[in-house]
Amino acid sequence: MIKIGGKLPAKFAIKFALFFIVIAALAYFYFTNSFENEAIEKFRYKAEVFSNYLEQNPHIFWMKKQIDDRDQIIKLMELNDAVYLVLEDKEGSVFDAFNIKEAENNFYITTRNNEGISQDHKIFRISLPIVANRMNVGKIYVGFYAFDIITNLYKKELLTALLSLSILLLGIIISFYLASISFKPLTKISSTLDQRIKGGKNVKIDYREKDEFGLLAEKINSVMNELDISSDRVESLNRKLKNVFRDKIHEMEFEINQKQIALASLRTSEEQFRLLFENAPIGMVIVLPDMKIKSANKSFCNTLGYELDELIGLRLEILFSIRRVGDSIWENYEPDEKLMNLCSKQVLMKKDNSIIRVIAKYDVAHDNYNQPKHYIIQVSDITELLRVQNELEIALEKANESSRLKDAFLAQMSHEIRTPLNVILNSVPILADEVGEKDEDIQIIIDSVGSAGKRLQRTIDMILNMSAVQSRNFKADFKTVNLVEELRNLVTEFRPLSDDKGLDLLFSSSTKDPMIMLDKYTVIQIFQNIIDNAIKYTKKGFVRIVIEDDRYNRLLVLVEDSGIGMSQEYIKDIFVPFSQEDIGRRREYEGNGLGLALAKKYCEINNATLKVESKKNTGSVFTVVFSRESNNENLNQQEKESVYNNH
């Protein structure tokens with residue numbers, strides 16, 4: 001909006017007001033300085049009485065001694081209303097003074113640079129140099145009692161200030177009055193223009209005086225009429241163009257949105273490619289159609305030992321050490337033909353001239369004219385892979401040889417040990433019958449031989465069974481078995497052993513369905529080992545076998561004893577072959593540490609799990625969990641694999 005009626009008169013009035021402020025300030029400072037200078041001249045004249053006296057006696061300053069005729073100075077001070085007098089030599093040192101305490105109270109020393117009234121407005125301070133024979137020999141500081149003169153001086157300054165303020169106020173009033181009168185026509189023109197701007201079409205400037213403002217008002221009215229006519233035409237055109245522009249704008253917005261989406265997708269693709277290219281675990285290099293390297297990622301640089309700056313601009317064939325393919329020269333090949341020759345196992349030259357084996361693949365990026373823009377080559381270092389592959393082949397040959405030797409060893413051991421062992425075991429009963437009860441010592445030896453033979457036979461069987469399981473040569477025979485009946489028979493076999501030790505061997509079953517598909521031989525071996533250990537490591541108390549169902553429709557077999565138990569540290573290694581908690585020659589219990597390890601393997605064959613809980617000197621609980629429902633399919637599949645392996 002136009003604010004001529006308010007701002008311009010105010011600016012005009014402010015300028016005149018500033019002019020009057022300057023005039024009032026100059027008048028004030030002029031008259032106050034005049035009054036102060038008049039007072040200073042009066043007191044300076046009085047101070048010259050002392051300076052004239054001392055200039056006639058310059059020896060006082062030369063000798064730096066006190067004034068001889070001090071009474072004369074005191075009389076002069078009384079006649080001139082002097083309060084203090086201080087004498088200072090040319091080096092600035094005070095050597096004589098009259099009423100020095102009063103001088104110090106009035107800070108006489110500041111009179112060096114500032115003559116005038118003291119802080120309490122009672123003393124007028126003057127300092128004058130003492131000149132003798134055209135030489136500055138010192139300085140005096142004089143203070144005069146001037147309360148009445150200072151009071152009159154302040155009154156004159158106050159009156160001068162009031163007069164200046166009166167002039168200033170009058171000037172401001174006159175300035176604002178003249179401004180309001182002078183700019184009244186402009187205010188009317190500005191008000192009319194504001195109405196037109198707000199939308200008043202037929203409003204005109206009502207000013208009829210025949211002066212410059214009247215001529216200006218007439219011209220403005222004419223211009224506004226022309227503008228009204230033009231405005232009507234423009235509005236008509238705007239209405240016609242509005243619909244056209246609306247359609248075009250919608251089309252442009254759609255195109256812009258599509259371009260922005262395309263650009264965003266392109267930026268995302270470029271960023272993803274850059275991240276994949278730079279951080280790819282395999283070497284990647286971008287090659288121009290002239291086979292010069294444009295860029296390479298970190299993996300490629302690290303593989304060859306080059307910095308990126310060293311690779312850029314380098315020809316690709318230098319790295320691959322390729323100059324000739326067949327009878328044709330490398331340089332005569334087209335780029336695609338050159339790269340096709342690289343897409344195979346190649347030898348790549350590193351910066352230190354060492355070589356590595358790589359597999360190279362490439363892809364082509366085309367420009368808008370479907371011409372090759374650049375090639376992206378992927379290089380995988382297979383040097384270590386080839387070395388490991390070679391080592392694996394050697395290791396496989398050694399493993400096959402070891403397996404062959406192991407099978408031969410086990411077969412030989414099975415024959416060479418079992419054959420004489422069978423002779424020994426079969427001969428023991430015959431010898432026992434021949435000896436009878438005639439010689440108790442020989443009978444004890446024969447029993448020991450039989451027991452040792454059976455122990456040796458069990459150990460050999462376990463070793464051979466463990467070897468068969470670990471080499472996956474064991475042939476499982478899955479059938480539906482009544483587990484309760486099989487375990488009851490097994491308990492019957494162990495009862496004489498438990499009775500000999502005075503143990504209670506208990507058996508109970510609460511299962512509703514004892515029939516389950518499993519490999520009978522391995523399951524019997526599982527519980528033979530567990531029950532045998534329970535009886536072996538229990539000195540007194542009981543061994544309990546419980547069969548029950550759980551809420552997941554699984555069949556559980558618990559073997560609990562009140563034996564010596566196991567430490568928590570040993571439980572971690574309980575299923576490791578040949579592990580025993582009590583080791584050494586002087587161990588209390590016999591065993592080779594294979595029973596539980598073999599039981600664990602047999603559980604895996606039957607898709608069962610074996611758990612153990614134990615506490616030292618309290619007892620142990622072994623739990624075998626059989627799944628009914630997996631479980632037939634899995635077992636059948638194992639049976640099929642077993643049959644397939646046999647064939």
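The values are calculated or read from the model by the stated rules, or taken from the named source; none is laboratory data. It should be emphasised that the depicted structure is a prediction, and the values quoted were computed from it without experimental measurement. Positions of Cβ are backbone-derived with ideal geometry, glycine not excepted, and every protein chain shown enters the neighbour counts.
Each row is one residue, and each column tells you yes or no for (1) buried (at least 17 other Cβ atoms within 10 Å of the Cβ); (2) hydroxyl-bearing (Ser, Thr, Tyr); (3) modelled with pLDDT of 80 or more; (4) not assigned by TED's automatic domain parsing to the domain that holds Asp433.
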residue: Asp447; (1), (2), (3), (4): no, no, no, no
residue: Lys454; (1), (2), (3), (4): no, no, no, no
residue: Thr492; (1), (2), (3), (4): no, yes, yes, yes
residue: Gly502; (1), (2), (3), (4): no, no, yes, yes
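This table checks each residue for (1) surrounded by 11 or more Cβ atoms within 10 Å (Cβ to Cβ); (2) under 18 Å from Ala132 (Cβ atoms); (3) in contact with a His (Cβ under 9 Å, 6 or more places away or on another chain); (4) touching a residue at least 24 places away in the same chain (Cβ under 8 Å).
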{"position": "Asn37", "(1), (2), (3), (4)": "yes, no, no, no"}
{"position": "Lys42", "(1), (2), (3), (4)": "yes, no, no, yes"}
{"position": "Phe50", "(1), (2), (3), (4)": "yes, yes, no, yes"}
{"position": "Lys65", "(1), (2), (3), (4)": "yes, yes, yes, yes"}
{"position": "Glu78", "(1), (2), (3), (4)": "no, no, no, no"}
{"position": "Asp96", "(1), (2), (3), (4)": "yes, yes, no, yes"}
{"position": "Asn99", "(1), (2), (3), (4)": "yes, no, no, no"}
{"position": "Glu104", "(1), (2), (3), (4)": "yes, no, no, no"}
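For region 80-91, indicate whether the set of residues that are surrounded by fewer than 20 Cβ atoms within 10 Å (Cβ to Cβ), in contact with a Lys or Arg (Cβ under 9 Å, 6 or more places away or on another chain) and more than 12 Å from Gly138 (Cβ to Cβ) is non-empty. Within region 80-91, one or more residues are surrounded by fewer than 20 Cβ atoms within 10 Å (Cβ to Cβ), in contact with a Lys or Arg (Cβ under 9 Å, 6 or more places away or on another chain) and more than 12 Å from Gly138 (Cβ to Cβ). Given the criteria at pLDDT 90 or above, crowded, with 16+ Cβ neighbours inside 10 Å, basic (Lys, Arg) and more than 14 Å from Ser620 (Cα to Cα), does Arg544 qualify? Judged against the criteria, Arg544 is not a match. Being under 25 Å from Asp363 (Cα atoms) and of a type in the set (Lys, Arg) is the filter; apply it to region 245-291 and report the residue that is modelled with the lowest pLDDT. For region 245-291, the residue satisfying everything is Arg274.
The lone criterion from (1) in contact (Cβ under 8 Å) with a residue 60 or more places away in the chain; (2) in a helix (DSSP H, G or I) left unmet by Pro289 is number (2). On the basis of being at pLDDT below 75 and either among the charged types (D, E, K, R) or in contact with a Pro (Cβ under 6 Å, 6 or more places away or on another chain) (or both), does Lys338 make the cut? Yes; evaluated as a whole, the condition is true for this residue.
Of the residues making up region 263-281, at least one is surrounded by 11 or more Cβ atoms within 10 Å (Cβ to Cβ), within 44 Å of the chain's Cα centre (by Cα) and not in a helix (DSSP H, G or I). Of all residues assigned to region 535-548, at least one qualifies as being closer than 16 Å to Arg495 by Cβ and in a helix (DSSP H, G or I).
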